[in-house]
1. Stretched out fully, how many nm does the piece from residue 50 to residue 24 gain, at 0.36 nm a residue minus the Cα gap?
2. By per-residue mean of other Cβ atoms within 10 Å, what is the highest-first order of 41-53, 21-33?
3. Add +1 for every Lys or Arg and -1 for every Asp or Glu among the other residues with Cβ under 14 Å from the Cβ of residue 43, and state the total.
4. If you add up the charges near residue 66, with Lys and Arg at +1 and Asp and Glu at -1, over every other residue whose beta carbon is less than 13 angstrom from its beta carbon, what do you get?
5. What does the extension gain come out to for residue 81 and residue 43, with contour length at 0.36 nm per residue minus their alpha carbon separation?
6. How large is ³J(HN,Hα), in whole Hz, for each residue of segment 43-48 in order, when computed from phi with the Karplus curve 6.51 cos²θ - 1.76 cosθ + 1.60 and θ = phi - 60°, using x for Gly and Pro?
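Taken together, the values in this text are just the output of simple stated rules run on the coordinates, not laboratory data. Just so it is clear, the model here is predicted, and its values are computed rather than measured. Cβ atoms come from the backbone with ideal geometry, glycine included; neighbour counts cover every protein chain shown.
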Amino acid sequence: MDGTDGARGADRGGAPAPESALGYEQARDELIEVVRRLEAGGTTLEESLALWERGEELGRVCRRWLDGARARLDAALAGQAGDTAGGTGDRATEEG
């Protein structure tokens, strides 16, 4: 319960807008930097928690971009399959 409230509190009102404006590459690059800093150590507990929370946010941004890309690819592939199947069937009917 406190973990969720703490994660929301770390947003400080400014994080949601930049997060929603981040492109995939920007979010991925920042996430790489967050992981690097966490692995390097030398940060206080509070800094580490803030980095972790930011990493979680960035991970969600990346996941949304990847899910959207997958949906677009699936739709494009379904459209191609429909065109191919529909076109062949129509021609056979028209010729036959």
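1. Value of the extension gain: 7.3 nm.
2. Listed from highest to lowest mean packing, they are 21-33, 41-53.
3. -2
4. +3
5. Net length gain for the segment: 8.4 nm.
6. With coefficients 6.51, -1.76 and 1.60, one gets 9, 6, 4, 4, 5, 4 Hz.
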